[in-house]
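Student: Quick one: this structure, given as structure tokens, is what I'll be asking you about.
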Amino acid sequence: AGLREVLVVVKDVTPKAAFELALVENLQRADLNAIEVAEAYDRLLKEHDYTHESLAERMGRDRSTITNALRLLKLPDSVQGLVLEGKLTAGHARALVGREDAETLAQRVIEQDLSVRDIESLVQQIDKGGPKPPVSRVREKDADTKAFEKELGDLLGLKVEIKRGSGESGLLVIKYGNFDQLDYIRARLGGGQ
């Protein structure tokens, strides 16, 4: 950090307490994904005898936040893997918890670029046995768009996605994994200022 002196607090704790403190500190990091957070909550519950309520209090979260995070661990491993890879959001994944067709629906989310609302609506229609609702379809990207995504992604060192709108409009998405990468994007767009 380039500092010659820092303020520190030294605590004499047991190895179990040190592990708990480290796990709680890691949970405060912004770059953990939903599955990693759920796994950490699960370890704290199992190894440190927390209840959902006491863990929520310790973490400064609502109890429902803890419970909803833990529900993601009920997903098939392949769907959890898609969340870990960043291909599915926690919102998408929550809509698939407890479903026998979770893997199939997860692939559909990815292939058709469904929003969370789209997949929730689709799940409701499937459960009602009714006709499947129309879902937004992603137009196949042309070679120029794919090349531009790759070129810009290589230039930034980050995943870049272009979503075409109507006419000549569209949306440019630059995905980042932590605040350092976000600051890097800001600096690059600002000309390094």
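Student: Please identify the pairs in which a residue from the range 170-183 that is closer than 16 Å to F148 by Cβ has its Cβ atom under 7 Å from the Cβ atom of a residue that is of a type in the set (D, E, K, R) and not in a helix (DSSP H, G or I), counting only partners at least 6 apart or on another chain.
Tutor: Short answer, once both residue conditions are applied: G170/K163; G170/R164; L171/K163; V173/E161; V173/K163; K175/K159.
Student: So R137 passes all but one of these: (1) modelled with pLDDT under 90; (2) in a helix (DSSP H, G or I). Which condition number does it fail?
Tutor: Of the numbered conditions (1) modelled with pLDDT under 90; (2) in a helix (DSSP H, G or I), the odd one out for R137 is (2).
Student: Report yes if some residue within the range 7-16 is open to solvent by less than 100 Å² (accessible area, probe 1.4 Å), among the charged types (D, E, K, R) and part of a helix (DSSP H, G or I); otherwise report no.
Tutor: no
Student: Give the range 144-176 a look and list any residue that's under 22 Å from N33 (Cα atoms), in a loop (DSSP other than H, G, I, E, B) and open to solvent by 40 Å² or more (accessible area, probe 1.4 Å), or say none.
Tutor: Those that are under 22 Å from N33 (Cα atoms), in a loop (DSSP other than H, G, I, E, B) and open to solvent by 40 Å² or more (accessible area, probe 1.4 Å): G157, Y176.
Student: Quick check on this structure: which one of E103, E120 is in contact with a Ser or Thr (Cβ under 8 Å, 6 or more places away or on another chain) and modelled with pLDDT of 90 or more? If you could, list the steps in order and put the result at the bottom.
Tutor: Working: E120 fails: in contact with a Ser or Thr (Cβ under 8 Å, 6 or more places away or on another chain).
One residue alone meets the criteria, E103.
The values are calculated or read from the model by the stated rules, or taken from the named source; none is laboratory data. Because the structure is predicted, anything quoted here is derived from the model rather than measured. Neighbour counts are summed over all protein chains in view; Cβ atoms, including those assigned to glycine, are modelled from backbone coordinates with ideal geometry. Accessible surface areas use protein heavy atoms only, side chains included; no ligands, DNA or RNA. Shrake-Rupley method; radii C 1.70, N 1.55, O 1.52, S 1.80 Å.
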